[in-house]
Amino acid sequence: MRRKRRSREPLSPDRFNLYSSLSSLSGGLTIFTTNSDIHRVSTIVEDNTAADKVTLLHVESHKDLMSVHTFRVDSSVKSVTLHVSGTMTECILTSPSDQSQSLLNEEGPLAVIQQFQGLYRISLFPPLQPGQWKLQAKSDGHLTFNVIGDSGVDFLYYFAIVTSETHPGLARVDGNPTAGVPAFLVVVVTGLGSDIEAVKVKEASFSHATLLGLKERVFSR
């Protein structure tokens, strides 16, 4: 007697969307690879799990036109690696001194690129030029950019509200701040060392803060 085989339902192409969204909101990168590339792609996992890693840029692009993104490198950053998921048709890297390199078509003085199926690993050559770098990329679809560097500088943060109790000042908020109540974002920078001039940083400053939510992204300058 033969058993009737149960037909398998086709897998939905959107079955990983939830995991990709959670990864993006937390500043991570979703990686899809093949069995033949899995050992080489493991270097990207090692890049993100190593100690003293800081995120210099994390952004997604949905346009078919050329997208332009910038990230800043200072003297505390020792090495920079770019991870791009998706399929690029053109990619141009420009240094702070306005020197450009077409990464997909030529070898150059700025960086070296490793290509996998739907994934790229770009390593900037030392010594790193401090300043603003620019990355221009063109694709037929969705791209995710993640730029990380090695740095001992880190920060701690918490929300606080003004209090006028026994000791007036700022009181730390446990959990999320209450909607409609003015709050402060207190940031403590660590890793600069006692001799700030040693890393050529005269003062710590912030150009903007990005708050990520489940439904929207809010920019506060």
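Here L128 meets each of (1) touching a residue at least 40 places away in the same chain (Cβ under 8 Å); (2) out of contact with any Phe, Trp or Tyr (no Cβ under 8 Å at 6 or more places or on another chain); (3) farther than 18 Å from D47 by Cβ; (4) among the aliphatic types (A, V, I, L, M) with one exception, condition (3).
The rows are residues; the columns are (1) more than 23 Å from the chain's Cα centre (by Cα); (2) closer than 30 Å to S36 by Cα; (3) of a type in the set (V, I, T).
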{"site": "A111", "(1), (2), (3)": "no, yes, no"}
{"site": "F116", "(1), (2), (3)": "no, yes, no"}
{"site": "S123", "(1), (2), (3)": "no, yes, no"}
{"site": "W133", "(1), (2), (3)": "no, no, no"}
{"site": "D140", "(1), (2), (3)": "no, yes, no"}
{"site": "T144", "(1), (2), (3)": "no, yes, yes"}
{"site": "Y157", "(1), (2), (3)": "no, no, no"}
{"site": "V173", "(1), (2), (3)": "yes, no, yes"}
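The residue that is surrounded by the most Cβ atoms within 10 Å (Cβ to Cβ), counting only those in the stretch 58-85 that are within 19 Å of S139 (Cβ to Cβ) and of a type in the set (V, I, T), is V84.
Among the residues that make up the stretch 107-117, is at least one of them in contact with a helix residue (DSSP H, G or I) (Cβ under 6 Å, 6 or more places away or on another chain) and touching a residue at least 12 places away in the same chain (Cβ under 8 Å)?
To start, the set of residues in the stretch 107-117 that are in contact with a helix residue (DSSP H, G or I) (Cβ under 6 Å, 6 or more places away or on another chain) comprises 116.
From the residues that got through so far, the ones that are touching a residue at least 12 places away in the same chain (Cβ under 8 Å) too are 116.
Yes, the stretch 107-117 has at least one match.
Where a number appears in this text, it was derived from the coordinates with a stated rule and is not lab data. The structure presented is a predicted model; accordingly, all values stated were derived computationally and were not measured. With ideal geometry, Cβ positions are generated from the backbone for all residues, glycine too; neighbour counts draw on all protein chains shown.
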